[in-house]
Each structure stands twice: as structure tokens, then as C-alpha cells.
Amino acid sequence: MRWPLNRIGAGSWLPVFLVFIIAALPAAESSHSRFLPVFQSDSSGYLGLSLVNTAGSADEVSITWVDPDGKAARTGRLSLPPGAQRAFLVREILGMTLDPEEGWIRIDASGSGLLSYLTLGTDGTLDGAEPVLLPATSIVLDHVKVNTGFVELDYADTSLILVNPGAAPATARVDLIALDGRLAGSLPVFIPSRGSRTVRISESFRDVLPPNNPGGRKFDGYAKIFSDEALAGWLRIDTPLSVRLLRGRALLEIDSASLVMAAHFASGGASLYRSTLNLINTGDASAKLELIAQDDRGRIVGSSVHLSLNPGQGIREDVLSLFRVVQPAIFPPPLLTGYIRIRESGGSLFRGIGNIDIHSDGNAVAALFPIAAATSREWTLPFVVNGQEYFTGYVIVNPNELLTVQTDVTVELLDTEGRPAAAPRNISLSPSARFSGLVDKEISSGYLRIRANAPVAVLGSIGTCRGSTLAFLPAIP
């Protein structure tokens, strides 16, 4: 499988805008910097980058790759007109023969309207990474999974990548925490200035991980990072057939909210999808929660769930089991999709973080979709591809439960110059309703803009039409 951006004819515009710079060290980051990971990979891996300028003026952008020791860097530059989107392989803009195999990437923009999205893949895997805009000294990486030994397709391991974009070296501590909130182990990590470090959980925490019967280790939990310098962090879960990526959240980024939503789950169907809800209480007080699963029409799926999570505690459970959903005894089971509302039972605020892990039988298709409290009247999906090989999907959830008025939504498909590539799609959502759709016009590169007359939640994905891969595509308010 090739990165889909390779088909867009990037060479037609790169010579016009591109300047290559090789430097010993990157310049100090600006207030408009964005940071992205480069996990260790082999020569078959690729990195694809999509940039969107949402501002009303041209944006001068530089993309810098830095090696793990912070001693070597390579930079490419381009200019983005207002409303424009550009997509390319990272090696193209850096003037390299192959994509970088480890380290990190910094994107600097002259304005504040730049959106970015990084795709990492190989011949058989695909996933996307969100950028970190504001490094922090306390970070939560909310999905650590280890299952090693002779377990064949059930094998899983998690790696963390920690990036120190600052000029001073960082001394950090990685705390590995079980779902019951207990500390499983701690690891000191030194990260040089402008450097990065990768922590493989099965190796770095081997002595504290519980053994499993197949001669390996097994663990389900999460990680917290504490550092004397601001860091950016991501995790990657590897299985024999898939890769899952997730951005770490700064503790200060996790706001207290009365409602958070997992905008999409899927179970059953020909691909035998399974969805697992991962939820962690990051607050300082116990949280008594009510969880409700709903379908596209807002109808309750299964039974509502009431649970209590102490500070630091979490759950990780199959969605059908959690909500006691009974499916017909046929094969394959019918495809069931919907979303989940999570609220504090007494109407108070709580601080929660988590994701929905959607995977097919044997983990051939797998992706992590973060849960979120954010709603907005306008969203942008920073990359779109649709054709014989790839698709772009999106869901829109109406969080309104009380008002009887409809929420009107417009979905605009824009090309690389920010021009309409198709007629807008108009959607009317009843209270608690959800819309799921695919980009139905063939397009090799572009982006989506979603506008509504009331706040909505949006989530995106990219996958292969043959159903072999799936990647999370962030929607940005």
C-alpha cells in the first residue's frame, strides 16, 4: 500500500514554493509551532503530511525534522495561500531519499490559522497523528496495552515517544498505572535538548508487568509523564496486523465538563468489528457516572450504565458487554453503530479522558478515537481522500437533548486551493441524533469544512476501501 498523497502530483507545486535547508539545530520554536512524532520504523514506512491554511492571508511554513539526540535537523519551507491545503510525503519537502525513521517534526507557521495532520504507515498499516500545540510538564497517555509471548494475533505492545522541543535537557518520570489506579512502576527518562526518547513498555517495565500463561507479559492501563521541562508525547500500540496512534493530553488540557462523548462505536458486520470503551477519571475526586449508548436516531442502545470511578481509576470494556446489548445469533452479526454520552450522575463536573478502540477480528483493522467534551459550530477535517483505494468518513453528533429545534449542518468539500469541489451537503439533525457519512466525490487531496447553527461534535476517519486499514482523522474546531 502506498501513502495516498503520493498520487496527487505534488511535484507540480513543490518546485515553486520549496526551499531546502540543512542545519545543525532547529531555531527556537515560535508561538505558532506544532510538534509531531516519528516513531521508529523500517525503510518500507512512510510519513505523509497535510497542511491547511484557514487564515485570510498567506502563511509561510517551515517543516523541520530533528533526530532523537537533537544534534541534526533538516528543514523545508513552503508558502500556503489563504484557504489552501497541501499534502506531500515528508521526504519530499525535506529533500530526502527516504522518510525519517525516528525523531520528531516541528512545524512553524507565520500565522495562527495552520492545521496539520501526519499519517504514518507501511505496506500494510495506516494511522494518523495529531500535533501537540503546547508542550507540558504533566501528560496523560491514556491507553497502554501489553500482551507478549506466544499469543500470535493477540500480541500487542505499546511504545511511548517523548519529545523535548526546548533548549534545556529534560529529566522526566514515566509512571505506569493500572486501571484500578495503582502504580505499577516508574521509569526515569533523560531527554536531551531538542531531542526525543522512545520507551517500549514491554522492555522498560518488564520486571513489574504481570506474567501471562503464554510466557510473556500482560498489562492494561495508562501512563503519566512528569518532567522538569515541557514535553510532547504520543503512544503507539503495535499488533501483528495493525498500528494505533494516540496523542498524549496535558493534565491542564483536560477540562472539567458535565458531558463528554465518544462520537463513534461500531460492532459486528462482515468485518466483525469490536469497540472497547476506555475511560479514566483524571480528577481529584470520585466521579459517579451515567453512560448511555445511542444510535443515529438518538434511541438508547441496550441499557444505561451507572458506575463510580475513584481518582486515577479507569475502565476498559467491550461496548456490547458494557451496555448489555443482545445481538441476533447469526453470522456475521448485524453492524451496530452509534455514540456514547458520559455524564456525572448528579449533574456536577468531572475530569475524564479516554478513547474508543475500534478493531476488527484479529486486529486487522484498528484505530483509537478519543472521547471529548468539545463542541463547536465550525469544524475542519484537515485531509480528505476518496477514490478506488481510500475513503474519508465523518460523523456529526447533535449534543442537544432538550430543545426540540433541529440543528442544521452544512458539509463543504474543498480542494487544495480552498475552492468548492462539490455541492455542499445539507443535514438536519434532530435532538440527540447523529449523522455518519462518506465523502462521495472522487478527490485525491483536499479538506472538509463543517458548519452548524448550533454546537455539534465531529469525528473523522480515513481507511482503505478493501477494509484492511483504518486511521483516526481529527476534526479541529
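The values are calculated or read from the model by the stated rules, or taken from the named source; none is laboratory data. None of these values were measured; they are calculated from a predicted model. In this analysis, Cβ positions are derived from the backbone assuming ideal geometry, glycine residues included, and neighbour counts consider all displayed protein chains.
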Completion exercise
Selection from segment 268-282 of residues among the small types (Gly, Ala, Ser) and either modelled with pLDDT of 95 or more or at positive phi (or both) yields GLY268, GLY269, SER275
Exercise for the section: Examine segment 350-360 for a residue that is more than 20 Å from the chain's Cα centre (by Cα) and surrounded by fewer than 20 Cβ atoms within 10 Å (Cβ to Cβ), and state whether such a residue exists. Expected result: no
Handout entry: All positions within segment 341-361 that are more than 24 Å from ILE139 (Cα to Cα) and either in contact (Cβ under 8 Å) with a residue 60 or more places away in the chain or in a strand (DSSP E or B) (or both)
Key = ARG341, GLY347, SER348, HIS359, SER360, ASP361
Fill in the blank from the handout: Of the residues in segment 54-79, those that are buried (at least 19 other Cβ atoms within 10 Å of the Cβ), small (Gly, Ala, Ser) and either part of a loop (DSSP other than H, G, I, E, B) or on the phi > 0 side of the Ramachandran plot (or both) number 1
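Looking only at residues that are in contact with a helix residue (DSSP H, G or I) (Cβ under 9 Å, 6 or more places away or on another chain) and β-branched (Val, Ile, Thr) in segment 80-109, which one is surrounded by the fewest Cβ atoms within 10 Å (Cβ to Cβ)? Working first, answer last.
Quick first cut of segment 80-109, residues in contact with a helix residue (DSSP H, G or I) (Cβ under 9 Å, 6 or more places away or on another chain) only: 80, 86-89, 92-93, 96-100, 105.
So of that shortlist, the ones also β-branched (Val, Ile, Thr) come out as 93, 97, 105.
Numbers: ILE93: 26, THR97: 7, ILE105: 23.
By that ranking, first place goes to THR97.
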Exercise for the section: Identify all residues within segment 385-423 that are surrounded by fewer than 18 Cβ atoms within 10 Å (Cβ to Cβ) and β-branched (Val, Ile, Thr); write none if there are none. Expected result: THR404, VAL405, THR410
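Find the residue count for segment 174-204, including only residues that are outside any loop (DSSP other than H, G, I, E, B) and touching a residue at least 60 places away in the same chain (Cβ under 8 Å).
If we filter segment 174-204 for residues that are outside any loop (DSSP other than H, G, I, E, B), which is where we start, we get 174-178, 183-191, 195-204.
Applying the additional criterion that residues be touching a residue at least 60 places away in the same chain (Cβ under 8 Å) yields 177, 195-198.
Total meeting the criteria: 5.
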Handout entry: Where a residue in segment 212-224 is outside the structural domain of VAL144 (by TED's automatic domain parsing) and its partner, wherever it lies, is surrounded by 18 or more Cβ atoms within 10 Å (Cβ to Cβ) and at pLDDT 95 or above, with Cβ under 6 Å and at least six apart
Key = none
Problem - Sole residue being surrounded by fewer than 16 Cβ atoms within 10 Å (Cβ to Cβ), touching a Ser or Thr at 6+ places or on another chain (Cβ under 9 Å), assigned to a strand (DSSP E or B) and modelled with pLDDT of 95 or more, chosen from PRO382, PRO431, PRO455 - result: PRO455
Problem - strands (runs of 3 or more DSSP E) wholly inside segment 205-281 containing at least 1 residues that are closer than 27 Å to PHE435 by Cα - result: 243-247, 259-267, 274-281
